[in-house]
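Heads up, the thing below is written out as structure tokens.
Please treat every number below as a calculation from the coordinates, not as lab data. None of these values were measured; they are calculated from a predicted model. Methodologically, a virtual Cβ is constructed for each residue, glycine included, from the backbone with ideal geometry; neighbour enumeration extends over all protein chains shown.
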Amino acid sequence: MENLQSFMEQLPDLVMAYGMKVILALVIFFIGKYFAGLAKRITANVLSRKTEKTVSSFVSNMAWAVVFTFTVIATLGQLGIQTASLVAVLGAAGLAVGLALQGSLSNFASGVLLVMFRPCRVGDYVEAGGVAGVVDEITIFATRLKTPDNKVITLPNSSLMNGSITNYSAMSTRRLDLVIGVSYDADIKKTKQLLIDILENHEKVLKDPSYTVGLHALADSSINFVVRPWVNSSDYWPTHFDLMEKIKLALDENGIGIPYPQMDIHVKELPSTAAK
């Protein structure tokens, strides 16, 4: 009873002493969290004026992580936890953590390399790691892609850097590679001139570099022409669809057939059948 009475007498002092520490720790945590978000926004705004979105997004995420880490350490220090000892323990356990998180560290290192060497940027359409899409964001550990059908793919940074990256937006122009097959009965010169006229009159086909139209192959069922115009990268697919439609309509109007796969079968009469 005496111990309980003594505890009750000391309770207000304990609440005042430790309660204020907890309150101050919470205040430090939420203020620090706010400043972490503020540092991220300010860094992104400042860098976006001087650098591209890829760099500003990556660095702003790093700024948030640094400020938030210091906030956690300051919060623990306010609660009376010896942060110096904590840092020493974390340093001693760093090797084990590094081995356990080597995949994440690899993603982090790959993220740094992505920002430094810039094989792809935010807004580029790329194919990497077995998937394809528009780069939406490059974070510390992963890169987010948006597919043409509006799906979101989160790809580890190491998957990008450890494999090949095909960047379809890196160059301002691209070449369309079309193969047009016509019947063996078609007039070759007339067909070639018809294809040239379509390219000459198309507003999105570039004159420099010049297009190519040529007889490519004498295939099993058709004579194949290659049609290779250059277009702006942003006009690639619209021009592809439009040219295919215009070519088909022009061939129909000029009586030039597009053959279906066919096979000639020769039936030879057997001697026994002939005798009967």
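For this structure, a couple of remarks:
- Using the Karplus relation 6.51 cos²θ - 1.76 cosθ + 1.60 with θ = phi - 60°, the per-residue 3J(HN,Hα) values for the range 246-253 come to 5, 5, 4, 5, 5, 5, 5, 5 Hz, with x marking Gly and Pro.
- Spacing of the two label points (7 Å from each Cα toward its C-beta) at L76 and Q193, in nm: 8.3
- Note on F58, F35: ascending count of other Cβ atoms within 10 Å places them as F35, F58, the fewest first.
- Taking other C-beta atoms within 10 Å as the exposure proxy, L218, L47, L243 rank L218, L47, L243 from fewest upward.
- Linear extension gain, D149 paired with V66, 0.36 nm per residue minus alpha-carbon span: 26.3 nm
- A simple rule links phi to the HN-Hα coupling: the Karplus curve 6.51 cos²θ - 1.76 cosθ + 1.60 with θ = phi - 60°, which for the range 61-75 gives 5, 5, 4, 4, 5, 5, 5, 5, 5, 5, 5, 5, 5, 5, 5 Hz, with x for Gly and Pro.
- Full-extension gain in nm, D220 to L26, via 0.36 nm per residue minus C-alpha separation: 62.0 nm
- Note on D252/T212: beta-carbon distance plugged into 1/(1 + (r/R0)^6) with R0 of 25 Å gives a FRET efficiency of 0.55.
- Modelled spin-label separation between F117 and I265, with each label point placed 7 Å from Cα along the Cα-to-Cβ direction: 5.7 nm.
- Difference of contour (0.36 nm per residue) and Cα-Cα distance, Y34 to S233: 67.5 nm
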